[in-house]
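The values are calculated or read from the model by the stated rules, or taken from the named source; none is laboratory data. If you're wondering where the values come from, they're calculated on a predicted model, not measured in any experiment. Note: ideal-geometry Cβ built from the backbone for every residue, glycine included; neighbour counts use all protein chains shown. Side chains are part of the model used for accessible areas, which takes the heavy atoms of the whole protein and leaves out ligands, DNA and RNA. Shrake-Rupley method; radii C 1.70, N 1.55, O 1.52, S 1.80 Å.
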Amino acid sequence: MRTLSVFSLTVLLLSATGNVATAQETLPSFGQTLEGTWIAQVAAPGGDFLPFGLGTFTSDGSYIGTTNDPTQSTHHGVWFRTGNRKFALSTMFFRRDANGVYIGMTRTRIAITLAEDLKSYEATVERINMDTTGKQLEVIYGIRGRSVRMSLETQRFPPVEATTP
């Protein structure tokens, strides 16, 4: 009588069900990263896009962003590629009132779709506002974002090199 190895039995069973275990589905990866600095605009639910800030995605999955809103601290977060031109970003920042007094913190959950040209993205945002103890006060849905990749600009009129007499 023949005995089957555990591996052979597993392959046989998976083949019979049509679920052959193969390498993970390959997604295109060339240029599919958010690494770098982005210029962002944000639209409140039902609102128009307004200039918002700058965000930098690092190669280790970290994120840091600044905003033009004086009631928000620097945004810190993490990001991860979830699929073909799809990314998830989670951030956290502190909120202050108009007098600069700490009033709580905010977490965001952001779904990003990178454009085919890899130079811009569209995003949907959920914002979770918390009080000073971390207790959830509200969740705001329907926030939209869009960003363009910041590009290097060179001087239009570079300095003229001095000549030696």
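Q136 sits among other residues whose Cβ lies under 14 Å from its own Cβ, and their net charge, with Lys and Arg +1 and Asp and Glu -1, is +2. Within the stretch 69-130, all pairs of alpha-carbon atoms sorted by distance into 5 Å bins from zero give the percentages 4, 17, 22, 21, 14, 11, 8, 4, 1. Expressed as a whole percent, the accessible surface of the stretch 67-165 that belongs to carbon and sulfur atoms is 55, based on a 1.4 Å probe.
Accessible surface of D117, taken over heavy atoms with a 1.4 Å probe and every protein chain present, rounds to 90 Å².
On the beta carbon distance between I64 and T163, with R0 = 41 Å, the FRET formula returns roughly 0.40. Accessible area per residue was computed with a 1.4 Å probe on protein heavy atoms; R85 scores about 60 Å².
The length gained on full extension between E122 and V101, counted as 0.36 nm times the residue separation minus their Cα-Cα distance, comes to 4.3 nm. Across the stretch 101-149, the volume of the C-alpha convex hull divided among the residues equals 80 Å³ per residue. Using a probe of 1.4 Å, the accessible surface attributed to V125 totals some 20 Å² when neighbouring protein chains are kept in position.
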